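**Student:** I'd like to ask some things about the structure below.
The values are calculated or read from the model by the stated rules, or taken from the named source; none is laboratory data. Here the structure is a predicted model, which is why all the values come from computation and not from measurement. All Cβ positions, even for glycine, are placed from backbone atoms using ideal geometry, and neighbour counts span all protein chains on display. Side chains included, ligands, DNA and RNA excluded: accessible areas come from the protein's heavy atoms. Shrake-Rupley method; radii C 1.70, N 1.55, O 1.52, S 1.80 Å.
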Amino acid sequence: MRKKIVAGNWKMNMNFDETKKLIKGIKKGTKKKVGKNTRVIIAPSFVNLQTALKRTKKSKIEVASQNMHQSKSGAFTGEISADMLTSLGLDLVILGHSERREYFGETDEILAKKVTTALENKLETIFCFGEVLEDRKSENHFNVVESQLKKGLFHLKKGDFSKIVLAYEPVWAIGTGETASPEQAQEMHAFIREIIAKEYGSEVAENISILYGGSVKPANAKEIFSKPDVDGGLIGGAALKADDFIAIIKSI
Ligand code: PEP
């Protein structure tokens, strides 16, 4: 049975004290009531990863990095390597977030390299992708998503591909308050599973967790998560308030 996942992408929010406080709140709310098949993940900023790891040790919360560089090491001022992350005890990384693609020029080709580096370093990868509004309006969204998946991930062998978690995030729904309808999310998730089945077989497609991201909040989470091909969510804004994040986890 594929895992249900609720992951919080904190982006460039939460200083040291705020990080500790938010973790305390999420820990309290996830002590019981989280099903065995549900994973809870938080992705604080780089500088707070070590604290986050320490403070979530005896809890259901897993910690992910929001990004990493594709190279092993070297002259890349300001960047973080996979080895730096794993040496802290981290085993999860988010790659391909639309903000990384849009503001930091991360192309499909760069992301393909990042994914390879992450897996070589045993970092489970949450791979984000999704169309912009113009693609949706021109009904090109399926082509865009297929292309992002193929270019970013389909160089992987079956065994490695199975270690990926997918996060479909229509860019027009991220941080805008606008959400894809549960039907739109389901339609795209089913399409994604179909493409994966063609490339890697139906068993891989059935077992991969596909998260939806884009303005998920307590008020809409239950309906979105009720769709058969939606296995949870990648949450931005609503992950910054313990009560909201916990309410979303509980609606899985
Ligand atoms: C995100 O950053 O991945 C995201 C989905 O943000 P929000 O929930 O705020 O739309």
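**Student:** Of Ile61, Val47, Ile80, whose Cα points farthest to the positive end of the dipole of segment 36-80 (charges on the beta-carbon: +1 Lys, Arg; -1 Asp, Glu; origin at the Cα centre)?
**Tutor:** Selected residue: Ile61.
**Student:** Using a simple spin-label model with points 7 Å from Cα along the Cα→Cβ vector, what separation in nm is obtained for Thr116 and Asn15?
**Tutor:** 4.2
**Student:** Ok, one more. Run the accessible area of the chain with a 1.4 Å probe and give the carbon-and-sulfur part as a rounded percent.
**Tutor:** The value for the chain is 52 percent carbon and sulfur by accessible area.
**Student:** How big is Rg to Rh over segment 121-252, alpha-carbon atoms, Rh as the Kirkwood inverse-mean-distance radius?
**Tutor:** When Rh is taken as the Kirkwood radius, the ratio is 0.96.
**Student:** Which entries of Lys198/Lys227; Lys21/Lys113; Lys31/Lys241; Lys24/Lys72; Lys122/Lys241 have Cα-Cα distances beyond 24 Å here?
**Tutor:** Check vs 24 Å cut-off fails for Lys21/Lys113; Lys24/Lys72; Lys122/Lys241.
**Student:** Along the Cα→Cβ direction, 7 angstrom out, place labels at Ser147 and Glu79. What is the inter-label distance in nm?
**Tutor:** With each label point 7 Å from Cα toward Cβ, the separation is 2.5 nm.
**Student:** For segment 100-119 and segment 142-206, what is the separation of their C-alpha centers, rounded to whole Å?
**Tutor:** Each part's Cα centre sits 16 Å from the other's.
**Student:** Write down the accessible area per residue of the chain in Å², having rolled a 1.4 Å probe over the full set of protein chains.
**Tutor:** 48
**Student:** Here's something else I'd like to know. Report the Cα centroid-to-centroid distance between segment 30-80 and segment 1-28 in angstrom, as an integer.
**Tutor:** 9
**Student:** Would you mind working out the magnitude of the charge dipole of segment 1-59 relative to its Cα centre, with +1 at each Lys and Arg C-beta and -1 at each Asp and Glu C-beta, to the nearest 20 Debye?
**Tutor:** Once rounded to the nearest 20, the dipole reads 520 debye.
**Student:** How fast does the chain diffuse by Stokes-Einstein, in µm²/s, taking the Kirkwood radius from C-alpha pairs at 20 °C and 1.002 mPa s?
**Tutor:** It comes out at roughly 119 µm²/s.
**Student:** Test of the criteria: in segment 42-84, which trypsin sites (Lys or Arg not before Pro) are in a DSSP loop and have at most 13 other Cβ atoms within 10 angstrom of their Cβ?
**Tutor:** In loop regions of segment 42-84 (DSSP not H, G, I, E or B), the sparsely surrounded trypsin sites (Lys or Arg not before Pro) are Lys57, Lys58, Lys72.
**Student:** With +1 on each Lys and Arg Cβ and -1 on each Asp and Glu Cβ, and nothing else charged, work out how big the dipole of the chain is about its Cα centre, in Debye to the nearest 20.
**Tutor:** Using Cβ point charges on Lys, Arg, Asp and Glu, the chain gives about 1680 debye.
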